[in-house]
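Okay, so here's the structure we're looking at.
Nothing in this text is a laboratory measurement; each read-out follows from the coordinates by a stated rule. The structure presented is a predicted model; accordingly, all values stated were derived computationally and were not measured. Neighbour counts run over all protein chains shown; Cβ positions are idealised from the backbone, glycine included.
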Amino acid sequence: MTKHLACYGIAGLLLFTSSSLAFAQDSGADIYKAKCQMCHGADGSGNTPAGKSLKATPLNSGDAVKAADADLIAVTKNGRNKMPAFSGKLTDAQIADVIAFVRTLQKK
């Protein structure tokens, strides 16, 4: 019986560890696709039905390109206008990864 409990404990620990690692390895691109793309679009233009309806800021607009990373992080954390806040939904590291990915969209 204790042998079975030890096996279940080890299996549970491995499952927990692997799922935590998978979550921690989400890239900024993956998070953007899951949380932002539906409004801001794959290219950041905001040219999606939801983006048009909500008047999503194009991430390649002059203001967004000129904005400091800290400003974009604050908007992502706290929300703005109809954009929801992601504080508590994404970690600071995940938000920073998303902003880094947004910067790659702005260069295209």
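I'd like the FRET efficiency for K52 and A74, computed as 1/(1 + (r/R0)^6) with the beta carbon distance as r and R0 of 30 Å, rounded to 0.05.
Given R0 = 30 Å and the Cβ-Cβ separation, E is 0.75.
Sorted by average packing, counted as other Cβ atoms within 10 angstrom per residue and highest first, what order do 30-40, 54-64 take?
Descending mean neighbour count gives 30-40, 54-64.
Amide H neighbours of M83 under 5 Å, at least 5 residues apart or on other chains, H built in the peptide plane: list them.
none
If I take every Cα pair under 8 Å that is 6 or more residues apart in the stretch 26-106, average their sequence separation and divide by the length, what percent do I get for the relative contact order?
It rounds to 34 percent for the stretch 26-106.
Quick one: 3J(HN,Hα) in Hz for the stretch 37-53, Karplus 6.51/-1.76/1.60 with θ = phi - 60°, rounded, Gly and Pro as x.
In residue order, the calculated couplings are 4, 4, 9, 7, x, 4, 9, x, 6, x, 8, 10, x, 5, x, 5, 4 Hz.
If you filter the stretch 64-93 for trypsin sites (Lys or Arg not before Pro), then keep DSSP loop positions with at most 14 other Cβ within 10 Å, what is left?
Hits after loop and neighbour filter: K82, K89.
Step through the residues of the stretch 100-105 one at a time and calculate ³J(HN,Hα) from phi using the Karplus curve (6.51 cos²θ - 1.76 cosθ + 1.60, θ = phi - 60°), rounding each to whole Hz and writing x for Gly and Pro.
Per residue, the Karplus-derived 3J(HN,Hα) values read 4, 5, 4, 4, 5, 5 Hz.
Once label points are set 7 Å from the Cα along Cα→Cβ at both A85 and A42, what is their separation, rounded to one decimal in nm?
According to this spin-label approximation, the distance is 3.3 nm.
S61 to R103: extension gain in nm, 0.36 nm per residue of separation minus the Cα-Cα distance?
The S61-R103 span can extend by a further 13.9 nm.
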